């Protein structure tokens, strides 16, 4: 009798284990850089909780922008890894190899291939994008040799084919097409580049910049056909033999590479039990929340609202994906406050042909109040869009890349550029010195009392119009779904933006107060931590001390000014011992200029 | 004369938060390492980036960090306009600051 009972219990247990639901606090779909960055960020906040990445990608996370170096065999496959091998294991991030087929948003689980399920507390969709390719109805689109370069597999395929290719056609007018053309030229292949519009990267570059790039690529050996589209592909026994253009020209080739852009992989939204706002990407707010509760989206698949146009758009770029992944990770780790840093203006820095290209913000903005300045001296081209002494867009094409991230931060933080306009225009702008001076001017004003409350207004520069503190994406409220989504969503979403607006100013003021401390570790990323106090003490005009303050500086500090070494300048003091020894050595001698130091002086002057 | 020779320390290197942002923006193309005259071992950018920010520093990266003499050859090849010299400087600082914490168990 008892044995029978035991058996029954056992059966229940078996049944139970059969429908047992795997569950993790954080579930991430996709192991691109956004997914992995989110997982690592979430791990920081949830040290002991299960974090899972579900992916069907057969390789670990790679540096996708470096694939162009892989295409010309400058890198090996191992060098493509974005994080050292084994990072996932070291961070205790569980990677599940499966394809996600559906999302049950009410019961909070995802359905995987092979009839498996996986429960989540918060879910991140980071499925990335897929190439658009040629339209289905185009004759010959399925011939062997018609390909897109998007994933690692594509590049492996590409490299295998190279030996058989003498002529190739590249279609598309973007940076990716340009990189592909350069890669083919590197291998000694004749390249025909078909661009639909008149110019290159028509949405990001103006006529002059586009001409510069196209001329550069032409000089490198490519044959460029502008205002040309492909009409069909001719094949011979299943393989590409040529491409026909809209000018009825036949270009013989063995390879057709389509670089006509990507589209977000949003198919999951159609398989979500609660309708998710989707329009050329999953619509998310500034904190990457989708319209469905506890589901986030980041990377190429997420569409954020552009504060200038009010339209939701994706930012399919590396830096955006990393930044979004980290924000999503912080959100899923329960740290709203870390997600408050806005992503800022669009930023794209890359190499096109043999030139470096940088576009930040909206250099092509042609509104009435926008002043456009251009300069094409010194072998480069720069275009500035300025509104009331504030930079709103910067475009630079040339042989050297300016300090791109610093320029992004000038735009993001809305600094006045009156004093550096010329340097920006000429392309010899020293961003770091400028930003530190901005800060020191602010501190000086604060000391002299021109600013009453420190940080209430940071020299008029703190509040930038148009940082993407966007409203939440409003959930689709259908009758069938109102029960499933409690009233929490709407009420919470409405109240939040106001809170955030109130919070922006205090955060700045806090960080600003810290400025009076000389050695601090982590103030605002681009303006803090610089020893303006020591370095500029002698230069009364641009300095932060008033005359009387300077006179009151103790002897100790005086000595220290002398011996700030060129290479330890703005770094925190390492230890007292080091400083002591520097003092000793500084007594007898002034700084001995090394060659490196001299070049800096020249640049500075 | 003195003023002319005296460098402004501000322009030389970047702060830690800036370095972290730059590492986020790094696309991993390895151009900086290819240009480096001091690199003697096959170090890859993923390892270098990860160890620059936090965590233990492996023996090879430590040797490379000591070998780096801040020539700046890594800055101009960067397609994105980042400053590997500043990142290396932070590695040097990390090695000096808390040698016990950062050294990997060997």
Contour minus Cα-Cα span, residue A:270 to residue A:107, at 0.36 nm per residue, comes to 57.0 nm
With R₀ set to 35 angstrom, the calculated FRET efficiency between the beta-carbons of residue A:208 and residue A:311, to the nearest 0.05, is 0.85
Quick calc, residue A:399 & residue A:141: beta-carbon distance into FRET formula, R0 60 Å, rounding 0.05, result 0.95
Restricting to Cα pairs under 8 Å and 6 or more apart, the percent relative contact order of region A:146-260 works out to 34
Inter-chain shielding metric for B:28-36, i.e. average beta-carbon neighbours from other chains within 10 angstrom, reads 5
Each label sits 7 Å from Cα toward the beta-carbon; between residue A:166 and residue A:220 the label points are separated, in nm, by 2.4
Descending packing, highest mean Cβ count within 10 Å first, for A:156-164, A:121-129 is A:121-129, A:156-164
Bounding extents of region B:15-98 in its principal axis frame from Cα atoms, largest first in Å, are 32, 28, 20
Exposure-ranked with fewest Cβ neighbours within 10 Å first, A:200, B:64 stand as B:64, A:200
Pseudo-spin-label distance residue A:45 to residue A:388, built 7 Å along Cα→Cβ, given in nm, is 3.4
So residue A:197 and residue A:90, fully extended at 0.36 nm per residue minus their Cα-Cα distance, gain in nm 33.7 nm
Relative contact order of region A:267-316 (C-alpha contacts under 8 Å, at least 6 apart) in percent is 29
The correct pair for region A:146-260, radius of gyration to one decimal and Dmax as a whole number, both in Å and from Cα atoms, is 13.5, 44
On the formula 1/(1 + (r/R0)^6), with r taken between the Cβ atoms of residue A:294 and residue B:41 and R0 of 45 Å, the FRET efficiency rounded to 0.05 is 0.50
Pseudo-spin-label distance residue A:76 to residue A:250, built 7 Å along Cα→Cβ, given in nm, is 4.5
One computes Rg over Rh for region A:312-375 from alpha-carbon atoms, with the Kirkwood Rh, and obtains 1.10
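Just so you know, all these numbers are worked out from the coordinates, no wet-lab data involved. Predicted model, so just to flag it, every value in this text is computed and none were measured. A quick note on method: Cβ atoms are made from the backbone with ideal geometry, for glycine too, and the neighbour counts reach across all protein chains shown.
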